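Scroll down for the structure; my scribbles are underneath it.
The values are calculated or read from the model by the stated rules, or taken from the named source; none is laboratory data. Fair warning: this is a prediction, and the values are worked out from it, not measured in the lab. Cβ placement follows ideal geometry from the backbone for every residue including glycine, while neighbour counts extend to all protein chains displayed. Please note that ligands, DNA and RNA were not included when accessible areas were found on the heavy atoms of the full protein model with its side chains. Shrake-Rupley method; radii C 1.70, N 1.55, O 1.52, S 1.80 Å.
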Amino acid sequence: MRAPLSPVEALASLSRLEDATERRTAWRQAVTALGRNVRVVGPPPLEAAQLEPLVRAAAVALETGLVDDLDWIAPGHAAVALYELTAALPPGKEKRMLGRRVFARLYGGTASVFAMVATRMALGKGGSLESPTMRARISLVFDMPIGSSVNADALALTLVCRRAAFVRWVADARTGALHARRMAAKLLEHAAREAVIRAQQGDPLPVELLTSNEVNASLSA
């Protein structure tokens with residue numbers, strides 16, 4: 001039995017495969033791998049991909065309708081996978097067309113889908129979550145009761161563990177308005193819960209990040 005291809009290999013094979021079934025299989029392997037990415041640190045899964053094969057893969061997926069045939073995977077994982085591919089593409093038609101689909105899912109999907117995509121967006125270098133609209137939606141996600149179907153813990157952990165995001169969402173909020181201070185407290189609470197769960201699953205890194213001097217300074221302030 002052949003081992004599954006990495007997402008980079010699976011996407012690179014799309015433009016070479018002539019059989020529709022084989023193309024669909026490769027595409028689904030790539031989407032499955034990209035959609036379950038739950039890293040807090042480290043490079044994105046497509047960082048090692050060469051741009052030209054990636055652009056060709058995106059073009060094939062668009063032309064053959066594969067990007068719109070995602071009912072076989074959970075909506076949140078599908079949206080994250082499309083975001084990963086879109087983020088890795090250079091500016092161009094393929095990036096624009098995929099980007100429209102990502103934001104349609106981000107703004108038109110459920111709160112669970114939004115939380116998953118926002119978690120991936122928080123891993124980026126830019127302030128993609130800084131607009132008033134995005135901040136308002138994130139605030140609503142954290143206002144949902146604990147135990148609801150929307151898991152905001154992973155988003156909180158990412159915002160707390162990424163230094164630039166931590167400064168904006170937690171450290172600076174200590175001297176901000178009341179709603180900003182409340183949001184910072186919620187982020188730390190949710191992040192701690194996610195870190196404990198991951199530690200129980202054998203991943204100690206989130207706990208190490210949350211017990212850093214910088215985070216502890218905010219907790220004691």
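Structure data summary
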quantity	calculated
Highest to lowest packing among 153-162, 70-79, 24-33, scored as the average C-beta count within 10 Å	153-162, 24-33, 70-79
Nearest-10 value in Å² for the accessible area of M116, using the 1.4 Å probe	60 Å²
With all protein chains modelled, accessible area of S131 [1.4 Å, Å²]	50 Å²
Cα gyration tensor shape of the range 47-165, rounded if a/c is under 1.5, else prolate or oblate by comparing a/b with b/c	prolate
Relative contact order %, the range 1-155, counting alpha carbon pairs below 8 Å whose residues are six or more apart	20 percent
The range 105-211 shape via C-alpha gyration tensor axes, a/c threshold 1.5	rounded
Sequence-separation-based contact order of the range 125-191, relative, with Cα cut under 8 Å and 6+ spacing, percent	33 percent
Distance from the range 13-86 to the range 120-189 (C-alpha centre basis), Å	28 Å
Stretchable slack from K186 to A171, in nm (0.36 nm times residue separation minus alpha-carbon distance)	4.1 nm
Stokes-Einstein D for the range 19-72, Kirkwood Rh over Cα pairs, 10 °C, 1.306 mPa s (µm²/s)	128 µm²/s
Relative contact order (percent, whole number), the range 66-207, Cα cutoff 8 Å, 6+ residue spacing	17 percent
